[in-house]
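Visitor: Here you go, one structure.
The values are calculated or read from the model by the stated rules, or taken from the named source; none is laboratory data. The model shown is predicted, which means the values in this text are computed figures rather than measured ones. Note that we place each Cβ from the backbone using ideal geometry, even for glycine, and neighbour counts take in every protein chain shown. Each accessible area value is taken on the protein alone, full model and side chains, heavy atoms only, with ligands, DNA and RNA left out. Shrake-Rupley method; radii C 1.70, N 1.55, O 1.52, S 1.80 Å.
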Amino acid sequence: MIEWSEEDLMIRDAVRGWIDAEVRPNLDALDSGELPPYDLLRSLYKTFGMDEMARSSFQSRIAKEREAGGTGDAAKKDADGSGGGNAAMTMLPVIELCKVAPGMVSAMGVGLGLAAGTIMKRGTPDQKERWALPLLTMEKVGAWAITEPNSGSDAFGGMQATARKVGDEYVINGGKTFITNGPYADTIVFYCKLDDGREPRDREILTFVLDRGMDGLEQSRPLRKMGLHSSPTGELFLNDVRAGADRLLSSGSQGGKESAKQNFVTERAGVAAMALGVIEECLKLSVEYARTRELWGQRIGDFQLIQLKLAKMEVARLNVQNLVFRHVEMQRSGRTPTLAEASAMKLYAAQAASEVAQEAVQLFGGNGYMSEYRVEQLARDAKSFQIYAGTDEIQVTHIARDLLSR
């Protein structure tokens with residue numbers, strides 16, 4: 001059995017103190033979309049030395065790669081930048097931030113885990129130094145662009161964005177939607193298909209790194225959405241964007257698809273930690289409210305139906321916490337979850353967080369429907385867990401296919 005160590009708890013308390021001082025006072029501006037999260041995230045990184053830790057780890061990995069001839073095999077074990085040495089430094093800020101502003105974690109996770117992660121897995125040492133390092137230190141904002149308006153969950157088969165080879169360059173056309181950090185991204189990892197005359201579903205998947213301001217690249221304003229307002233989401237439009245071969249991360253259908261699948265594992269497993277933060281905060285707020293709110297001359301916590309809600313929230317907290325601890329153990333042992341395992345973690349944790357948040361709103365009654373009481377925001381934010389990184393239905397498909405293939 002695993003528990004947070006005393007050192008872990010010290011990190012947690014320090015992060016909580018930073019959040020109380022820096023994030024909570026800005027919560028209204030974050031939730032309205034008025035304040036993008038990036039300066040706050042940079043402050044988090046600088047306050048806890050995470051930027052210098054990332055820089056030092058990066059330089060060590062790149063040195064090993066260059067010694068190995070630039071293959072990346074020497075650094076493959078921790079190429080996504082997360083590593084397993086101090087899982088608490090990865091998980092605890094996620095959990096604590098999700099108690100207040102889950103969108104900040106989405107914005108951070110996409111830039112680090114998906115954009116930088118893809119470059120670190122698929123790029124050359126030169127590409128990593130050029131694009132990944134500024135993302136890993138939070139100097140720049142990263143986006144990971146795979147979803148399109150007409151593809152949805154059929155990300156690869158329905159992909160219509162194309163790259164046509166013209167001399168030594170590629171000419172890229174197409175659009176992406178629901179792109180986290182899209183409006184503010186400095187660096188964009190962009191998936192498209194090679195326009196080689198074959199049927200669209202048979203074409204090779206290519207992965208490029210694009211920069212803000214390139215000719216023909218348009219980044220939309222933030223889209224309006226139900227929740228997760230502290231995570232800006234936008235669209236990308238590419239019209240004859242020219243990219244040299246130095247921007248190509250991986251070629252061939254297998255390379256592009258495999259890098260995306262690896263990122264799905266990282267993203268889905270991380271949702272369990274995000275869900276735990278929401279569940280812990282909703283439970284805390286609900287217990288406090290049940291103790292102090294009185295009806296018919298007694299506190300509502302004395303009513304059995306309220307007690308049932310609290311008990312179910314605690315069961316969900318324990319179950320999701322155990323999933324997080326299992327993931328920490330896997331990180332420490334150097335093992336990566338399979339796609340099915342990550343999908344199972346995400347499916348259960350996302351549903352649990354959404355259900356707990358909705359029950360918290362119900363427990364608060366009319367107050368829970370008011371934005372003055374934070375369970376309203378958490379309920380809106382938690383619903384997104386069941387949609388992004390693959391819907392609940394897609395998680396079921398990936399789990400079942402794995403079971404049936406054994």
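Visitor: Residues in the range 311-324: is at least one touching a residue at least 60 places away in the same chain (Cβ under 8 Å) and either over 19 Å from residue 379 (Cβ atoms) or assigned to a strand (DSSP E or B) (or both)?
Guide: Yes, because at least one residue in the range 311-324 is touching a residue at least 60 places away in the same chain (Cβ under 8 Å) and either over 19 Å from residue 379 (Cβ atoms) or assigned to a strand (DSSP E or B) (or both).
Visitor: Just checking, does the range 314-324 include any residue being at pLDDT 95 or above and either aromatic (Phe, Trp, Tyr) or farther than 30 Å from residue 8 by Cβ (or both)?
Guide: Scanning the range 314-324, I find no residue that is at pLDDT 95 or above and either aromatic (Phe, Trp, Tyr) or farther than 30 Å from residue 8 by Cβ (or both), so the answer is no.
Visitor: Restricting to the range 1-29, name every residue that is of a type in the set (Phe, Trp, Tyr) and within 16 Å of residue 102 (Cβ to Cβ).
Guide: Passing the criteria: none in range.
Visitor: I've got another one for you. Would you point out the residue of the range 257-282, among those that are over 17 Å from the mean Cα position of the chain (by Cα) and open to solvent by less than 20 Å² (accessible area, probe 1.4 Å), that is nearest to residue 368 (Cα to Cα)?
Guide: Filtering first and then ranking leaves 282.
Visitor: Please find, within the range 351-394, the residue that is nearest to the chain's Cα centre (by Cα) out of those that are crowded, with 22+ Cβ neighbours inside 10 Å and at pLDDT below 95.
Guide: 389
Visitor: Search the range 160-205 for residues being assigned to a strand (DSSP E or B), open to solvent by 10 Å² or more (accessible area, probe 1.4 Å) and in contact with a Leu (Cβ under 6 Å, 6 or more places away or on another chain), and hand back the single one that is farthest from residue 240 (Cα to Cα).
Guide: Filtering first and then ranking leaves 194.
Visitor: So is residue 306 farther than 27 Å from residue 4 by Cα, modelled with pLDDT of 95 or more and either surrounded by 15 or more Cβ atoms within 10 Å (Cβ to Cβ) or in contact with a strand residue (DSSP E or B) (Cβ under 9 Å, 6 or more places away or on another chain) (or both) or not?
Guide: So residue 306 fits the description; yes.
Visitor: Scanning for something touching a Gly at 6+ places or on another chain (Cβ under 8 Å), free of Cβ contacts under 8 Å to residues at least 60 places away in the same chain, on the phi < 0 side of the Ramachandran plot and open to solvent by 10 Å² or more (accessible area, probe 1.4 Å), does the range 99-106 turn up at least one residue?
Guide: The answer is no, given that none of the residues of the range 99-106 is touching a Gly at 6+ places or on another chain (Cβ under 8 Å), free of Cβ contacts under 8 Å to residues at least 60 places away in the same chain, on the phi < 0 side of the Ramachandran plot and open to solvent by 10 Å² or more (accessible area, probe 1.4 Å).
Visitor: Report, by residue number, each residue of the range 148-159 that is buried (at least 20 other Cβ atoms within 10 Å of the Cβ) and in contact with a Ser or Thr (Cβ under 6 Å, 6 or more places away or on another chain).
Guide: If the condition is that a residue be buried (at least 20 other Cβ atoms within 10 Å of the Cβ) and in contact with a Ser or Thr (Cβ under 6 Å, 6 or more places away or on another chain), then 159 is the only one that fits.
Visitor: I'd like to check something: does the range 82-93 contain any residue that is at pLDDT 90 or above, assigned to a helix (DSSP H, G or I) and within 27 Å of residue 389 (Cα to Cα)?
Guide: yes
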